[in-house]
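What follows is calculated from the coordinates using simple rules that are stated; it is not laboratory data. Remember, predicted model here, so these are calculated numbers, not experimental data. Every residue, glycine as well, gets a Cβ built from its backbone with ideal geometry; the counts of neighbours run over all protein chains shown.
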Amino acid sequence: MAKAQVGSGTPVVELRQATKTYRTGETETTVLHGITFSVKKGEFVAIVGPSGSGKSTLLNLLGCLDTPTTGQVIIDGTDAATRSSDKLADLRARKIGFVFQAYNILANLTALQNVELAMQITEMPREERNARAKELLEKVGLGHRMEHKPAQMSGGEKQRVAIARALANEPPLLLMDEPTGNLDTASSLEVMDLAEDLWKKQGVTILLITHEKEIADYAQRTIFVRDGRIEKIVEKKNRGAQS
Ligand SMILES: Nc1ncnc2c1ncn2[C@@H]1O[C@H](COP(=O)(O)OP(=O)(O)OP(=O)(O)O)[C@@H](O)[C@H]1O
Ligand SMILES: [Mg+2]
């Protein structure tokens, strides 16, 4: 399939009138009320909003980790609902990199093994996976921590392992849910500088959830969410991947 140019108008993901209602016992709670927006290839978008406003729910829909109650999630031009669960799992593994606040890397595996594991779904031979995992860890500045397990690493280091893992299959889209939420200022800046680099130099499309204004400032566009609705969208004209 031909790759779209960075900055072109092709949406990588799109929500159309997406709603989400959770049912807990007898109670139904609607946490997303008809959200519509798209992320174009090569964009860097931040989602900001108070706790409980629906940000993670939104990101989970975009990443096909969850399905909307009504409305559509369009990934790469195709309605996610029309794909089988196998196809969706494959699409998630190949097209989307996930980074979460709590790192979600496996405690009993080394940094290297955590990154290698993400490539198991590919046909890549073992030696190639090993070489690529090493290369990725070097890239995130962890060449000296490859054999360390999560318990032997700082929060910033663990998050960089998670980013290396997220990039393992060269996904065109990176979804980050509070990636700096557990980090001190210095580690947060390291992680964000890395994200910015991926966006600018490799054309990775990024959608990032954050509470912090300094973190949202890295994005080109900020979507403010409140009570499951988009409150406003602020575009920063002076930030472009080509700058
Ligand atoms: N599985 C679930 N079942 C029932 N309610 C849920 C479920 N998941 C989330 N919620 C509710 O949906 C609302 C939105 O949750 P969500 O996790 O999307 O918020 P958020 O904006 O990411 O908040 P935070 O900034 O604290 O991470 C919250 O009120 C939450 O309690
Ligand atoms: Mg959340």
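With a threshold of 31 Å on the Cα-Cα distance, the over-threshold entries among Lys55/Lys134; Lys149/Lys236; Lys41/Lys213 are Lys55/Lys134; Lys149/Lys236.
Report, in deg cm²/dmol and to the nearest 500, the calculated mean residue ellipticity at 222 nm for the chain, where each DSSP H run with n ≥ 4 adds -39500 (n - 2.57) and the sum is divided by the residue count. Here the helix-only value at 222 nm equals -9500 deg cm²/dmol.
In order along segment 178-189, phi translates into HN-Hα couplings of 6, x, 10, x, 9, 10, 6, 4, 5, 5, 4, 5 Hz, rounded to whole numbers, per the Karplus curve 6.51 cos²θ - 1.76 cosθ + 1.60 with θ = phi - 60° and x for Gly and Pro. Around the amide H of Arg226, modelled in the peptide plane, lie the amide H atoms of Glu231, all under 5 Å away and 5 or more residues distant in sequence or on another chain.
Take 162-173, 36-47 and order them by the average number of nearby Cβ atoms within 10 Å per residue, most first; the result is 162-173, 36-47. Couplings 3J(HN,Hα) of segment 100-108, computed from phi: 10, 4, 8, 6, 6, 9, 7, 5, 8 Hz, in residue order, whole Hz [Karplus 6.51 cos²θ - 1.76 cosθ + 1.60, θ = phi - 60°; x for Gly and Pro].
Measuring nothing but how far apart in sequence close Cα pairs (under 8 Å, 6+ apart) lie, relative to its length, segment 122-219 scores a relative contact order of 26 percent. Between the helical axis of 126-139 and the longest alpha-carbon principal axis of the chain there is an angle of about 80 degrees. For segment 44-92, the pair-distance distribution built from all alpha carbon pairs, in bins 5 Å wide starting at 0, is 5, 19, 28, 22, 15, 9, 3 percent.
Counting charges near Asp66 (Lys, Arg +1; Asp, Glu -1) among other residues having Cβ under 14 Å from its Cβ returns a value of +3. Cα extents for segment 56-119 along the principal axes, largest to smallest and rounded to whole angstrom: 40, 22, 16. Most tightly packed first, judged by the mean number of other beta-carbon atoms within 10 Å of their residues, the peptides 83-90, 106-113 read 106-113, 83-90.
Pairs of C-alpha atoms in segment 1-100 farther apart than 24 Å represent 24 percent of all such pairs. For segment 118-226, the Kirkwood hydrodynamic radius from C-alpha pairs, put into Stokes-Einstein at 25 °C and a viscosity of 0.890 mPa s, yields a diffusion coefficient of 166 µm² per second. Summary of packing: across the peptides 22-30, 131-139, 95-103, the per-residue average of other C-beta atoms within 10 Å ranks them, highest first, as 95-103, 131-139, 22-30. Helix 155-166 and the longest principal axis of the Cα set of the chain meet at an angle near 80°. Working from the Cα coordinates of the chain, the gyration tensor eigenvalues give, after taking √(5λ), semi-axes of 28, 20, 19 Å in decreasing order.
Counting only DSSP beta bridges whose two residues both lie in the chain, roughly 55 percent are antiparallel. The relative contact order of the chain, computed from alpha carbon pairs under 8 Å that lie at least 6 residues apart in sequence, is 27 percent.
Applying 1/(1 + (r/R0)^6) with R0 = 25 Å to the Cβ-Cβ distance of Asn104 and Glu196 gives a FRET efficiency near 0.70.
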